[in-house]
Amino acid sequence: MPAWYIHTIINLIIFIPVLILLKIFSWDLFLLIIVWGVLIDIDHLIYYFYKLRTFNFSKVLKYSNKDFILDRPHFYLFHTIDFFTVFGIIIYLKNFDIILTLLFLTGLLHWISDSIRHYIHHRNFSWLKYYSLLYYLLK
């Protein structure tokens, strides 16, 4: 959770020029990128509330900051391959709706940046299993 703003900044740096080049930039899409950059990490809070069995936000924040520094992977629903697969199917069925496609692409960039960070920290792909709902269902 502590890095939600980094993802949002990365998304803005990449997608604002794209929106301008495609001539579809609007302040609504700009705000959507910002809000989605925060909301996609709401699954971290859900995990920590469940893990710590408390809604004490200061305890959750303290634990999540420590967890972030240690870079321990966990199951976060909106960070799974399964989520993006279902999301991609929905986009296809909706004929590549621009807003859904933008959410998908910014979320995918978020996932890729998390993946790079995990790989740099762990130097392996052992964390990848945490990015799959199917892994947890079969476990």
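Taken together, the values in this text are just the output of simple stated rules run on the coordinates, not laboratory data. In this text, all values refer to a predicted model and were calculated from it rather than measured experimentally. Every residue, glycine among them, receives a Cβ derived from its backbone with ideal geometry; neighbour counts consider all protein chains shown.
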Self-check item: Cα-projected label distance for Ser113 with Ile16, points at 7 Å along beta-carbon direction, nm
Solution: 1.3 nm
Quiz item: Counting pairs of alpha carbon atoms under 8 Å apart in space and at least six apart in sequence, what relative contact order in percent does the chain give?
Solution: 30 percent
Quiz item: Put a dot 7 Å past each Cα toward the Cβ at Thr85 and Asn65; how far apart are the dots in nm?
Solution: 3.8 nm
Exercise. Provide, for the range 4-138, the number of lysine pairs with alpha carbons under 24 Å apart, each pair being eight or more places apart or on different chains.
Key: 6
Quiz item: Out of residues 5 or more away from Ser132 or on other chains, whose amide H comes under 5 Å of its own, with H placed 1.01 Å from N in the peptide plane?
Solution: Ile81
Quiz item: Ratio of Rg to Rh for the range 4-138, alpha carbon only, Kirkwood?
Solution: 0.99
